[in-house]
Amino acid sequence: FGWSQNDLVSVWVAYPLCKMYTEKNVARKDAEIWARDPYLGSNSSAPFGGYGGDYDRGHQLPFADRSCCLEAGMQTFYGSNMTPQDHTLNTGIWAAFENKVRTWANSSDTLYVVTGCVVKNPLGYTTDSSNKRMTVPSAYFKALLKYSKASTLGQWNAAGFYYKHESNAQQQMM
């Protein structure tokens with residue numbers, strides 16, 4: 001991950017995704033232990049009680065992408081994996097997009113994912129559970145690199161996606 005101490009968010013998180021990681025061996029409620037990132041310690045954002053305002057704790061690496069085991073699932077609840085995200089975006093078009101990405105991953109050998117947020121021209125600021133100021137991103141993106149031995153389109157395929165941080169329903173999934 002690429003951590004911005006000024007913004008108190010990771011501007012990107014990169015990870016491989018394949019069927020092995022998405023097998024549901026752990027329930028979210030069992031892994032949902034909000035924590036500071038152990039690598040960042042007190043420099044990490046504090047996601048414990050949520051964020052100020054009406055923002056969700058939006059995962060950049062979703063729990064569903066690491067439901068294979070408890071340890072991997074718990075790591076998705078670190079403060080370094082969260083950004084303040086509009087509830088409607090988080091539970092609407094962004095959640096649908098994350099499901100679509102998992103579908104693509106399950107039909108490939110490996111899908112390499114970079115998820116990030118845009119902190120330039122932020123929507124504003126909010127606070128974490130420790131009352132530290134956090135940037136509210138202006139947009140989110142995913143860059144995908146798919147490897148599939150059996151693909152008729154070629155072994156490697158790539159795509160990029162950009163979503164403005166808006167709650168309106170005008171955005172449509174590609």
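Please give the strands (runs of 3 or more DSSP E) falling wholly within segment 127-167 in which 2 or more residues are of a type in the set (Val, Ile, Thr).
Working: elements: 133-136, 139-147, 156-164.
Result: 133-136.
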When segment 146-167 is checked residue by residue, the ones that are open to solvent by 70 Å² or more (accessible area, probe 1.4 Å) and not aromatic (Phe, Trp, Tyr) are LYS149, ALA150, THR152, LEU153, GLN155, ALA158, LYS164
Note: among GLY124, GLY73, just one is modelled with pLDDT of 95 or more and on the phi > 0 side of the Ramachandran plot, namely GLY124
Pairs returned, first residue in segment 96-117 that is assigned to a loop (DSSP other than H, G, I, E, B), second residue that is open to solvent by less than 30 Å² (accessible area, probe 1.4 Å), beta-carbon separation under 6 angstrom, 6 or more apart or interchain, are SER108/SER148; ASP109/SER148
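Does at least one position in segment 9-29 carry a residue that is touching a Pro at 6+ places or on another chain (Cβ under 9 Å) and on the phi < 0 side of the Ramachandran plot? Step through it out loud before you land on a result.
Taking segment 9-29 as the starting set, the residues that turn out to be touching a Pro at 6+ places or on another chain (Cβ under 9 Å) are 9, 11.
Now narrow it down to the ones that are on the phi < 0 side of the Ramachandran plot: 9, 11.
Looking through segment 9-29, at least one residue is touching a Pro at 6+ places or on another chain (Cβ under 9 Å) and on the phi < 0 side of the Ramachandran plot.
Would you confirm, using the coordinates I've provided, whether ASN90 is open to solvent by 20 Å² or more (accessible area, probe 1.4 Å), polar (S, T, N, Q), in a strand (DSSP E or B) and touching a strand residue (DSSP E or B) at 6+ places or on another chain (Cβ under 9 Å)?
Working: open to solvent by 20 Å² or more (accessible area, probe 1.4 Å): yes; polar (S, T, N, Q): yes; in a strand (DSSP E or B): no; touching a strand residue (DSSP E or B) at 6+ places or on another chain (Cβ under 9 Å): yes.
Taking the combined requirement at face value, the residue does not satisfy it.
Is there a residue in segment 99-108 that is closer than 17 Å to THR135 by Cβ and crowded, with 16+ Cβ neighbours inside 10 Å? First the steps, then the outcome.
Let us first name the residues in segment 99-108 that are closer than 17 Å to THR135 by Cβ, namely none.
Checking segment 99-108: not a single residue is closer than 17 Å to THR135 by Cβ and crowded, with 16+ Cβ neighbours inside 10 Å.
The values are calculated or read from the model by the stated rules, or taken from the named source; none is laboratory data. Computed from a prediction, not measured in an experiment: that's the story for all the values here. Quick reminder, even Gly has a Cβ in these numbers, built from the backbone with ideal geometry, and neighbours come from all protein chains shown. Accessible surface is based on the protein model in full, side chains and every heavy atom, while ligands, DNA and RNA are left aside. Shrake-Rupley method; radii C 1.70, N 1.55, O 1.52, S 1.80 Å.
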